[in-house]
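Okay, structure first, notes after.
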Amino acid sequence: MAKKFAQQIRDIMRIDLKDWDEFTCEDIALRMDLLPGKPRKPIYRAMPDFIKRGEVVRIRTGVFSYRGKGYSGRSADKTRCMYRLIRANRRSAITVNDLIANCGVSKVTAQEYLCMLANRGVMRRIKTPSNQPYKYRMIQDPGPNLLRNEANAEKLKRLREAKALAEAALSSVRESLDRAVAAVAAIEEE
Amino acid sequence: MAALKMSRSQFIQTQNVRNVVLMMDDIRMDLGEGRFGVICGGAGLGKSESVKWYHANHKHTVYLESTAIWYSSELEFLRDLCRELGMEDIAHRKGPCFRDIVDHLYDNPETVIFIDEVDRLKNMHLELMRDITRMTMCPIILIGESKLIPFMQRNERVWTRTFRPVMFTPMKPSDVIIYAREAAGIRMGADVAAILHRTRTKRTTDGNFRLVKRALLYSVQYANAKDTGEVTPEIAKSAVDSAIKWAKR
């Protein structure tokens, strides 16, 4: 059975545009194969209903954001996502851009992870001509169990501990300041 | 004029990718109903890329690419599956391997198995997969080119267990516009998109993702060389010619 028009729009918003902070009716129209020049009125008419249901929020005129619930989106954590993609491509080469595109990680994260795997002897970095990005190829398959970047995890752990210490120090300073302010106020009252 | 740039770090969700996600949503709703899913279509349409993207972003999925060695040995197929499922001490005989897989999947009933390039396997592999999905209720998604469907239809017990297949179709002109916008930041009209979409060669059809991607890359290079800041129909035509030059030889 053909899908209803509103359901088609919903599918596009919750799948294609799920990572978009905001989008326009034009973005939806293109995904519905409505080329420029074709009428967009049905989409404009459908949007108020989505807004009424709370699935869509109007950010400004013509610009919307999808708030619908129920779609879990990316469930695996990003390192796991990178590792699974690398293993899925173990018969071919993979680049930093592939990880960015498929896992939504930053360039630094992707580079660090691939370098870590290369240092462990799991991947080999393949030099490419001039401006082309490096390619990495799996030379030893470590199996499906996730390989974490332990050095990075250690660094993050230290950062978290330092942050906790700083926060504790700040709160004790704040308490001392509050006590001092109260003492000054009491002196002034006397 | 600011130079146009082509980003390679974009995963473009075309209608095909959306269909895969919807099929997986439907199959996951029906977990416990051992069955096959099918994703098929010609080469260069993004089947494997879509499945790898889905696998990378979802837990409890296993992705296997068939190898030539499987053709002559079902044991190798079973051993590779054991390895992907994270088992240790993998058996060296078919029977124990099969039982280990079934036991593992009983304990992990939410597992979904993707097997790529199935169309080059034999009926015995399909029978093994059928037994696995029937006994464990875990869905198995088979990916292959168009001959995959006749291959499965020959085995009625397999075909009747098959969920509605997702047929990968060539990119549409609207997909070209989305791709140009997201990968290169180019706002493209329907006329230019139609030209880029028409990357026809003797062997490939319109909307082949690899060819369209190449044509768009050339378009960006030519637009930068001419300092136009946009892709005109003339540039698009030259880019398409360059993109399919290899096929004209």
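The values are calculated or read from the model by the stated rules, or taken from the named source; none is laboratory data. Being a predicted model, the structure only gives us computed values, none of them experimental. For neighbour counting, all protein chains shown are included, and Cβ atoms are generated from backbone atoms with ideal geometry for every residue, glycine included. Surface accessibility is based on the protein's heavy atoms, side chains included, excluding ligands, DNA and RNA. Shrake-Rupley method; radii C 1.70, N 1.55, O 1.52, S 1.80 Å.
Filtering region B:208-247 to residues that are open to solvent by 100 Å² or more (accessible area, probe 1.4 Å) and closer than 21 Å to residue B:170 by Cα leaves B:210, B:237, B:245, B:246. Filtering region A:20-39 down to residues that are open to solvent by 50 Å² or more (accessible area, probe 1.4 Å) and within 11 Å of chain B (Cβ to nearest Cβ), which residue is farthest from residue B:174 (Cα to Cα)? Filtering region A:20-39 for residues that are open to solvent by 50 Å² or more (accessible area, probe 1.4 Å) and within 11 Å of chain B (Cβ to nearest Cβ), the one farthest from residue B:174 (Cα to Cα) comes out as A:20.
Checking each residue in region B:158-181 for being facing chain A (nearest Cβ under 10 Å) and either open to solvent by 30 Å² or more (accessible area, probe 1.4 Å) or not in a helix (DSSP H, G or I) (or both) picks out B:172, B:173, B:181. Identify, please: which residue in region B:80-118 is within 25 Å of the chain's Cα centre (by Cα), among the charged types (D, E, K, R) and farther than 21 Å from residue B:144 by Cα and is, among those, surrounded by the fewest Cβ atoms within 10 Å (Cβ to Cβ)? Filtering region B:80-118 for residues that are within 25 Å of the chain's Cα centre (by Cα), among the charged types (D, E, K, R) and farther than 21 Å from residue B:144 by Cα, the one surrounded by the fewest Cβ atoms within 10 Å (Cβ to Cβ) comes out as B:110. Within region A:71-92, not a single residue is within 14 Å of chain B (Cβ to nearest Cβ), under 30 Å from residue B:191 (Cα atoms) and not polar (S, T, N, Q). Which members of region B:140-157 meet the condition of being touching a residue at least 40 places away in the same chain (Cβ under 8 Å) and outside any helix (DSSP H, G or I)? Once the filter is applied, which keeps residues that are touching a residue at least 40 places away in the same chain (Cβ under 8 Å) and outside any helix (DSSP H, G or I), region B:140-157 yields B:140, B:141, B:142, B:143, B:144, B:145, B:146. Out of curiosity, is residue B:64 at pLDDT 90 or above, in contact with an Asp or Glu (Cβ under 9 Å, 6 or more places away or on another chain) and under 24 Å from residue B:153 (Cα atoms)? So residue B:64 fits the description; yes. Of the residues in region B:46-59, none is farther than 30 Å from residue B:13 by Cα, open to solvent by 10 Å² or more (accessible area, probe 1.4 Å) and either more than 11 Å from chain A (Cβ to nearest Cβ) or not in a helix (DSSP H, G or I) (or both). Counting only helices (runs of 4 or more DSSP H) that sit completely within region A:77-157, those holding 3 or more residues that are open to solvent by less than 20 Å² (accessible area, probe 1.4 Å) and closer than 22 Å to residue B:182 by Cβ correspond to A:78-88, A:96-103. Filtered by the rule that a residue be within 14 Å of chain A (Cβ to nearest Cβ) and part of a helix (DSSP H, G or I), region B:80-99 gives B:80, B:81, B:82, B:83, B:84.
Any residue at all in region B:26-38 that is at the interface with chain A (Cβ under 9 Å from one of its Cβ atoms), modelled with pLDDT of 75 or more, out of contact with any Asp or Glu (no Cβ under 7 Å at 6 or more places or on another chain) and more than 22 Å from residue A:97 (Cβ to Cβ)? No. Looking across A:12, A:59, one residue alone is over 30 Å from residue A:135 (Cα atoms) and either at pLDDT 85 or above or in contact with a His (Cβ under 8 Å, 6 or more places away or on another chain) (or both). It is A:12.
Would you confirm whether any residue within region B:127-149 is small (Gly, Ala, Ser) and under 20 Å from residue B:20 (Cα atoms)? Write out each step before concluding.
At the first step, the residues of region B:127-149 found to be small (Gly, Ala, Ser) are B:144, B:146.
Right, trim to under 20 Å from residue B:20 (Cα atoms) and you get B:144, B:146.
Yes, region B:127-149 contains at least one residue that is small (Gly, Ala, Ser) and under 20 Å from residue B:20 (Cα atoms).
Looking across region B:61-79 at every residue that is open to solvent by less than 20 Å² (accessible area, probe 1.4 Å) and within 12 Å of chain A (Cβ to nearest Cβ), the one that is farthest from residue B:115 (Cα to Cα) is identified as B:61.
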